[in-house]
Amino acid sequence: MEGAHVGPKLPDVGHPQLGDTKKEAQVKNVVHGRMAACTLTGVPRPCYRHMFAQRRSPGPANRFFRRSSCLPSNFAVSNFIQYDSLLTDEERLVRDTTRQFIEDNLVPIIEECNRAGRFPRELVKPMADLGFFGASLKGYGCAGMGNVEYGLMTQELERGDSGVRSFVSVQSGLCMYPIYEFGSEEQKETWLPPMQKGEKLGCFGLTEPDFGSNPGGMRTRAKKVGNEYVLNGEKMWITSGTIADVAIIWAKVENEKDKIRGFLVETDRPGFKADDIHGKWSLRASVTSGLALQDVHIPEANLLPKTGGLKSPLMCLNQASHGGRLARPWPAMTVRCNIRCCENSGAISPSLRTSSCKTSSRG
Ligand SMILES: Cc1cc2nc3c(=O)[nH]c(=O)nc-3n(C[C@H](O)[C@H](O)[C@H](O)COP(=O)(O)OP(=O)(O)OC[C@H]3O[C@@H](n4cnc5c(N)ncnc54)[C@H](O)[C@@H]3O)c2cc1C
């Protein structure tokens, strides 16, 4: 099938590369036999039948498939669009290491955790050792991963369990990131190294019982009194609330015309209370809590100095959801969950795997 395409004969233009336009990549794919041209129009179009045939018998001339063939066999099943060929060796190493960790440590216990509504806290330290927390941050013991590496890591976590991925996203994107982005040097030195090691856990308090999609309406207030702030309010649906050592609390500051600012609140301060929310139907392996703050006094040094307005918490949500702008784990998460379903179906029935893969490759 190598080079089998209809339409005009094209010159050898090399293999597709990053930076090619869609059209250039399509032309190169036709030349190298990974795409067929439409018999009517001659326009390149994907030929999945051809791609799967190539996968079964990788030829020596086919660099594209040789690269994929070094992957674990169960991963190759779901490599529908030859996505791996776009990754560097380092990116694949991050992805495969995370995947192996999840397969060895999370997959065997996740069913029990889900049924019991138990967060697998025993995995916090091993995850920290692999550099999962604050992975995209630089310095303070963090791994300094690129955005694609961070996204791939998150994708593999999601493949294991949404709740555990959620815990890691909160620790990294919603707690360590705001300290890194909006904090003073002293705050960074105090919190980031122990959070990276998993010795200290964080939670992010933005949502309130009456304000979820509209956080700008929040009722939580901070009032400056002397060299302290006094916080009052309630937060709801807070991941890791009852296991956190520090809460990033977003509140309107009365002395600053109700400007929204972020505060570091140690969870053992008098007046701070956290209770778990029970009976969730999803993300059952993560802790979700309600927080109550009643006259919680914190030193003014606990204000995250560079926060100002709703933009600050929204930047954190952006970081947590998109894994740093480029990697965008959100679509990856959905794809990853579906891929695991597909692979599991395949483990039960090879014929089902074939049909699932065909369906997905068209979707
Ligand atoms: C498991 C879990 C963990 C969470 N962890 C955290 C956390 O760590 N920290 C934190 O701060 N929050 C957390 N949240 C809260 C989450 O961010 C909110 O659930 C989310 O912002 C939505 O708010 P809500 O649940 O109050 O829904 P609502 O705002 O009441 O919305 C309900 C529905 O109405 C729709 N809707 C709302 N307004 C409009 C509109 N104007 N037009 C059209 N449709 C609309 C929404 O899309 C949604 O489908 C968590 C939630 C869950 C379930």
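The values are calculated or read from the model by the stated rules, or taken from the named source; none is laboratory data. Bear in mind the structure is a predicted one, so any value in this text is a computation, not a measurement. Note that each Cβ is placed from the backbone with ideal geometry, even for glycine, and that neighbours are counted across all protein chains shown.
Determine, yes or no, whether LEU137 is farther than 19 Å from THR98 by Cβ and touching a Gly at 6+ places or on another chain (Cβ under 9 Å).
no
Results for (1) outside the structural domain of GLN171 (by TED's automatic domain parsing); (2) at pLDDT 50 or above, shown as yes or no for each residue.
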{"position": "GLN54", "(1), (2)": "yes, no"}
{"position": "PHE80", "(1), (2)": "yes, yes"}
{"position": "TYR83", "(1), (2)": "yes, yes"}
{"position": "ARG95", "(1), (2)": "no, yes"}
{"position": "ARG99", "(1), (2)": "no, yes"}
{"position": "ILE110", "(1), (2)": "no, yes"}
{"position": "PHE119", "(1), (2)": "no, yes"}
{"position": "ASP129", "(1), (2)": "no, yes"}
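Could you list, in sequence order, all residues of segment 100-140 that are over 19 Å from SER240 (Cα atoms) and in contact with a Lys or Arg (Cβ under 7 Å, 6 or more places away or on another chain)?
Matches in segment 100-140: ILE102, TYR140.
Of GLN319, GLN294, which residue is modelled with pLDDT of 60 or more, polar (S, T, N, Q) and more than 19 Å from GLN171 (Cα to Cα)?
The match here is GLN294.
Could you tell me which residue of segment 82-122 is surrounded by the fewest Cβ atoms within 10 Å (Cβ to Cβ), considering only residues that are among the small types (Gly, Ala, Ser) and assigned to a helix (DSSP H, G or I)?
Looking at residues that are among the small types (Gly, Ala, Ser) and assigned to a helix (DSSP H, G or I), I get ALA116.
Can you find a residue in segment 203-218 that is within 24 Å of MET153 (Cα to Cα), modelled with pLDDT of 95 or more and not basic (Lys, Arg)?
Within segment 203-218, one or more residues are within 24 Å of MET153 (Cα to Cα), modelled with pLDDT of 95 or more and not basic (Lys, Arg).
Look through GLY226, GLY279, GLY233 and report the one residue that is within 16 Å of the ligand (Cβ to nearest atom) and surrounded by fewer than 19 Cβ atoms within 10 Å (Cβ to Cβ).
Result of the check over GLY226, GLY279, GLY233: GLY279.
I'd like the residue in segment 189-199 that is closer than 14 Å to LEU123 by Cα and not acidic (Asp, Glu) and, out of all such residues, is farthest from the ligand (Cβ to nearest atom).
LYS197
Filter segment 282-297 down to the residues that are touching a strand residue (DSSP E or B) at 6+ places or on another chain (Cβ under 9 Å) and surrounded by 21 or more Cβ atoms within 10 Å (Cβ to Cβ) and list them by number.
SER286, VAL287, THR288, SER289, LEU291, LEU293, VAL296, listed by residue number.
Show me the strands (runs of 3 or more DSSP E) found entirely inside segment 210-306 where at least 1 residues are within 21 Å of ARG121 (Cα to Cα).
228-239, 246-253, 259-266, 272-276, 288-299
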